[in-house]
1. Contact order normalised by length for the chain, with contacts defined as Cα pairs under 8 Å and 6 or more residues apart; what percent is it?
2. Give me a comma-separated list of calculated 3J(HN,Hα) values for the range 162-171, in order, Karplus coefficients 6.51, -1.76, 1.60 applied at θ = phi - 60°, integers in Hz, x for any Gly or Pro.
3. List, in the order given, every pair from Lys73/Lys259; Lys73/Lys188; Lys41/Lys170; Lys188/Lys274; Lys232/Lys259 whose Cα-Cα distance in the structure shown is over 18 Å.
4. Can you give the calculated 222 nm mean residue ellipticity of the chain, where each DSSP H run of n ≥ 4 adds -39,500 (n - 2.57) and the sum is split over every residue, rounded to the nearest 500 deg cm²/dmol?
5. Going by a ≥ b ≥ c, the root eigenvalues of the Cα gyration tensor, does the chain fall in the rounded group (a/c under 1.5), the prolate group (a/b larger than b/c) or the oblate group?
6. Relative to the longest principal axis of the C-alpha atoms of the chain, give the angle of the C-alpha long axis of helix 190-205, reported between 0 and 90° and rounded to the nearest 10°.
7. With every protein chain left in place, what is the accessible area per residue of the chain in square angstrom, probe 1.4 Å?
8. With a 1.4 Å probe and every protein chain kept in, tell me what percent of the accessible surface of the chain is carbon plus sulfur.
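The values are calculated or read from the model by the stated rules, or taken from the named source; none is laboratory data. Note that the structure is a prediction, hence the values are computed from the model and not measured. Every residue, glycine as well, gets a Cβ built from its backbone with ideal geometry; the counts of neighbours run over all protein chains shown. What goes into the accessible areas is simple: the full protein's heavy atoms, side chains included, and nothing from ligands, DNA or RNA. Shrake-Rupley method; radii C 1.70, N 1.55, O 1.52, S 1.80 Å.
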Amino acid sequence: MGLFAVLFAPAIAAAQAQAPKGLGTEEFGMSPRELVQAIEKTEGLIAQCMREQGFQYIAADHNTVRAGMSADKRLPGLSEEEFVSRYGFGVSTFYTGLPPQLSTGYSPARVGLGERNVQIFRKLSPADQVAYNRALLGDDLSSTFAVALEIEDLSRTGGCTRKALTETFKPDQLKASHYNPQDALINKDPRMKAALGFWQREMKKAGFEYGHPDEIEPDLRNRLSTLTEGGKLLVSKMSQDQKAALRKLQDYERLVAAKSHKMQEEVLTPVEEKIQEELFSRKVQ
């Protein structure tokens, strides 16, 4: 009872707190309008860069990129809870080693690139496909613009995607250490600190050492990258030991995701929503 009294009691300090002027509710602390503008500018720059590299790329519109972002942890017919139970966060559990344009199942990366770009890619020879994605994405084929924007980690991007982002986003936003300013503000609230402390203790009891839910997916991506030579190793080309290691990672992902998601829905999300409502209560969106 003590914990929840702390979590849901009105906080005197929080009642006074307001989001700083200019801080929005979207990714990277942007307003909805700013996000649309950032997406359209970035996509235009990606298309220009790809043309300079000798490849065709059609700038995806805001709705297409948004669809890729919204596809994260979602499959038709499954609730988010069911998705997490079956597939964890969808990081290692859907890994094939194929480029996103050739994936046929769950792939937010493919959705965010847009169907026209997928078809352009599929008409290329295998050698040209490799060169195309090196130009578009660099070394990490999973870090498309839509995926990087959704997970708020632009540091893994490469190629023309990275080049475009450097012209659209601030230098500190391109670093792995960057944190959404709205989330940082929420995390400072005493109620969120108490909730996160409870989350940490419960996760530790289950055998998971993380300080915050936001640490889990980057950890899984790093583990997968190490195991799969940066995401380039086809599952069909893996040794038996590598396949066993991938299955072990997938099992771990399902377990940690199920535990974290349950705790997040029951403890963290209600507190976060209450604090966010207070922060933006007097702001006109």
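1. Relative contact order for the chain comes out at 26 percent.
2. Here the 3J(HN,Hα) series is 5, 4, 5, 5, 5, 8, 10, 10, 6, x Hz.
3. From Lys73/Lys259; Lys73/Lys188; Lys41/Lys170; Lys188/Lys274; Lys232/Lys259, over 18 Å: Lys73/Lys188; Lys232/Lys259.
4. Working: 15 runs with 163 residues, N = 285.
Per the formula, -17000 deg cm²/dmol.
5. In terms of gyration-tensor shape, oblate.
6. Value to nearest ten degrees: 60.
7. 51
8. 53
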